[in-house]
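Working notes, structure below.
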Amino acid sequence: MEAAVPDPASAIALVTGANRGIGREIARQLAELGYTVLVCARRSEAAEAAVTDMAGRALPRRLDVTDDRSVDELARSVTAEFGRLDVLVNNAAINYDTGARAADADLDDVRRTLETNLFGAWRTAAAFLPLLRRSPHPRIVNVSSESGSLATMSGGTPAYGVSKAALNVLTLKLADELRADGILVNSVCPGWVATDMGGPSGGPVASGAAGVVWAATLPDSGPTGGFFRHGQPLDW
């Protein structure tokens, strides 16, 4: 009988924005489990530096999620090298705009944020769907934030909050459309962690990353179209 979860020794994972912070820790944990992990960053040098002390098979790759050509080039490369993709973690994100307000936000800044946080994930998912469909246990994890929860949302951080709310909508749309393909699609909030974006007062990065890895390694019977933190459901 076919295993209900991917075999880490043969599984291929791709993590965007993986040269630092939560993305780097997600990549490290997946590599430690035995996955071949494509550690992606906008600059090749940053990706190469990120993998220097990772255990397992962590491979640096250049990827700018805001650039169609960059995304398409990597998709072609993964097709040629591996023939499939088992896990896509859309982690790349920018601009936790704590000093801004929706009432007078700089809309150019909002557009720039959406280009990475929403359209970057959307563009990457679309480009890699043919490869995910070749996987026996495909998973997409969108790294979101409780800042995007409509149930708890308040004022401030307009660009970031709107981008994460929109990313959650994308999760729901993809989860429903890809259910028949067996592709599990979930949003995960890693919580407030001590990264460049979260600041030094945040919690352990490893703990936040573990929640993302949980969603990336779900069994076939696991949830899809959900919003989670540390494996527990969050309100949309």
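Cβ-to-Cβ counts within 10 Å put Y35, Y96 in ascending order as Y96, Y35, the fewest first.
From most to least packed by mean Cβ count within 10 Å, the peptides 136-144, 37-45 give 136-144, 37-45.
Computed from Cα positions, the angle between helix 119-132 and the longest principal axis of the chain comes to roughly 10 degrees. Put simply, the amide H of R229, placed in the peptide plane, has neighbours under 5 Å in C189, L234, leaving out anything fewer than 5 places away on its chain.
Close amide H partners of V185, meaning residues 5 or more places away or on another chain with modelled amide H under 5 Å apart, are I140, G225.
Against the longest alpha carbon principal axis of the chain, how many degrees, from 0 to 90 and to the nearest 10, is the axis of helix 205-216 turned? Around 60 degrees separate the two axes. If you line up the long axis of helix 21-33 against the longest principal axis of the chain, both from Cα atoms, how many degrees apart are they, to the nearest 10? Result, in degrees: 20. For the pair S207 and L107 in one chain, pulling the backbone fully straight at 0.36 nm per residue adds 32.6 nm over the alpha carbon distance. Placing dummy labels 7 Å off each Cα toward the beta-carbon, the span from A126 to L150 is 2.3 nm.
The separation of the range 113-155 from the range 15-66, counted between C-alpha centres, amounts to 18 Å. Put simply, the amide H of L38, placed in the peptide plane, has neighbours under 5 Å in A13, L14, V15, L59, leaving out anything fewer than 5 places away on its chain. Fewest-first ordering of T217, T171, T66 by other beta carbons within 10 Å of each residue's beta carbon gives T66, T217, T171.
Coordinate-derived values only; no laboratory data. Remember, predicted model here, so these are calculated numbers, not experimental data. Every residue, glycine among them, receives a Cβ derived from its backbone with ideal geometry; neighbour counts consider all protein chains shown.
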